[in-house]
Amino acid sequence: MMGSLSTSIIAFVIIFVGAVVGMLLRKVLPVHHLRDDSRDVIKLATGLVGTMSALVLGLLVASAKGFYDAQTTELTQLSANIAFLDRGLARYGPETKEAREALRNAAERILNQLWSENSAQASRLDPTSVGAGALYDQIEALAPKDDSQRFIRSQSLNMAMSIGQMRWLMYEQGALSISKPMLVIMIFWLTVTFVIWGLLSAPNPTIIVTMLVSALSVSGAILLLLEMYSPYEGLIRVSDAPLRAALAHLGH
């Protein structure tokens with residue numbers, strides 16, 4: 001799989017080369033092919049293709065933003081659950097010392113795993129390497145002495161289950177990626193649009209720079225939406241502040 005930067009560079013090259021091809025076609029086509037009546041039809045076709053490209057790009061950006069926001073929300077919820085579970089175990093009594101240590105170790109592993117510099121996204125989100133099972137076993141082994149402790153133990157088990165479910169949800173969502181057919185079709189439509197722009201434009205430095213900047217802008221948008229599908233690596237990352245804030249309160 002190519003990285004997001006490689007994909008956006010390839011898209012830029014294809015789109016800009018399309019503009020150059022259009023300028024070259026302008027020189028070889030008979031003059032009557034570019035008269036007013038022909039130009040009007042070409043402009044209408046360009047508007048149609050450009051509109052479709054904008055719609056597809058909007059759909060892809062909305063999908064990528066939804067995925068990124070979902071990961072951010074779930075990480076924040078996970079961090080809040082960890083902090084709340086630690087508070088509940090603290091109220092249970094000193095018998096929960098080992099369980100609280102297991103919770104802290106699990107939280108630290110999650111932090112180190114998600115923001116590791118040398119792991120693929122799938123391994124970053126793998127919930128089996130966190131060691132949440134040890135935490136659940138520690139809580140389950142508690143022997144409550146009164147109704148208050150029984151209630152706290154029951155709620156702590158539910159919260160530990162919720163943390164595990166959240167990790168699996170993040171893992172399953174991590175398998176999502178951009179729709180490749182939509183991306184390819186959008187790049188094709190953009191290339192067609194640039195070919196027509198080049199066909200209708202007399203080559204000069206201003207036109208060439210304009211085409212170059214436009215192609216860079218479009219490829220930059222492609223880079224951003226691809227980066228949002230990798231929220232724990234690359235340029236656009238989910239903040240680790242909620243989890244670090246939760247860790248700062250553990251054990252107190």
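The values are calculated or read from the model by the stated rules, or taken from the named source; none is laboratory data. Here the structure is a predicted model, which is why all the values come from computation and not from measurement. Because the Cβ atoms are built from the backbone with ideal geometry, glycine has one as well, and the counts that use them run over all protein chains shown. Keep in mind that these areas ignore ligands, DNA and RNA; they rest on the heavy atoms of the full protein, side chains included. Shrake-Rupley method; radii C 1.70, N 1.55, O 1.52, S 1.80 Å.
Which of Gly234, Gly93, Gly66 moves most in a GNM of the chain, Cα contacts under 10 Å?
Ranking Gly234, Gly93, Gly66 by mean-square fluctuation puts Gly93 first.
Could you work out which residue, out of Arg35, Arg91, Arg167, moves most in a Gaussian network model of the chain, that is, has the largest mean-square fluctuation with Cα springs under 10 Å?
Among Arg35, Arg91, Arg167, the largest GNM mean-square fluctuation belongs to Arg35.
Hey, could you get me the Stokes-Einstein D for the chain, Kirkwood radius over alpha-carbon pairs, 4 °C and 1.567 mPa s, rounded to whole µm² s⁻¹?
Working: Rh = 21.7 Å.
Stokes-Einstein gives a translational diffusion coefficient of 60 µm²/s.
Do any GluC sites (Glu not before Pro) in the range 40-122 lie in a loop, going by DSSP, with at most 15 other beta-carbon atoms within 10 Å of their beta carbon, and if so which? All intermediate terms of the calculation are to be shown ahead of the outcome.
Numbers: sites: Glu74, Glu95, Glu98, Glu101, Glu108, Glu117; in loops: Glu117.
Counting only loop positions with at most 15 other Cβ atoms within 10 Å, the GluC sites (Glu not before Pro) in the range 40-122 are Glu117.
Multiply the residue gap between Val13 and Val213 by 0.36 nm, knock off their C-alpha separation, and tell me the result in nm, one decimal place.
Working: separation 200, 0.36 × 200 = 72.00 nm, distance 1.21 nm.
Taking 0.36 nm per residue and subtracting the Cα distance, the gain is 70.8 nm.
Could you tell me how many degrees, from 0 to 90 and to the nearest 10, lie between the Cα long axis of helix 36-92 and the main elongation axis, the longest principal axis, of the Cα atoms of the chain?
Taking the Cα atoms of the chain, the angle to 36-92 is about 10 degrees.
Choose one answer from Lys27, Lys65, Lys97: the residue with the largest mean-square fluctuation in a GNM of the chain with alpha-carbon springs under 10 Å.
Maximum among the listed residues: Lys27.
Near Lys97, which lysines are there with a Cα under 22 Å away, not counting those fewer than 8 places off in the same chain?
Those lysines meeting the cut-off are Lys145.
Leaving ligands, DNA and RNA out of it, work out the accessible area of Trp189 with a 1.4 Å probe and give it in Å² to the nearest 10.
Here the accessible area works out near 60 Å².
Could you work out the relative contact order of the chain, using alpha carbon pairs under 8 angstrom and six or more residues apart, expressed as a whole percent? Display every interim value, and only then the final one.
Working: 250 pairs, mean separation 110.7, N = 252.
Normalised by residue count, the contact order of the chain is 44 percent.
With all protein chains present, how much of the accessible area of the chain (probe radius 1.4 Å) comes from carbon and sulfur, to the nearest whole percent?
66
Calculate for the chain the 222 nm mean residue ellipticity that helices alone would give, adding -39,500 (n - 2.57) per DSSP H run of length 4 or more and normalising by residue count, nearest 500 deg cm²/dmol.
The helix-only estimate for the chain comes to -26500 deg cm²/dmol at 222 nm.
Taking only protein heavy atoms into account and a 1.4 Å probe, give the accessible area per residue of the chain in Å².
It amounts to 54 Å² per residue over the chain.
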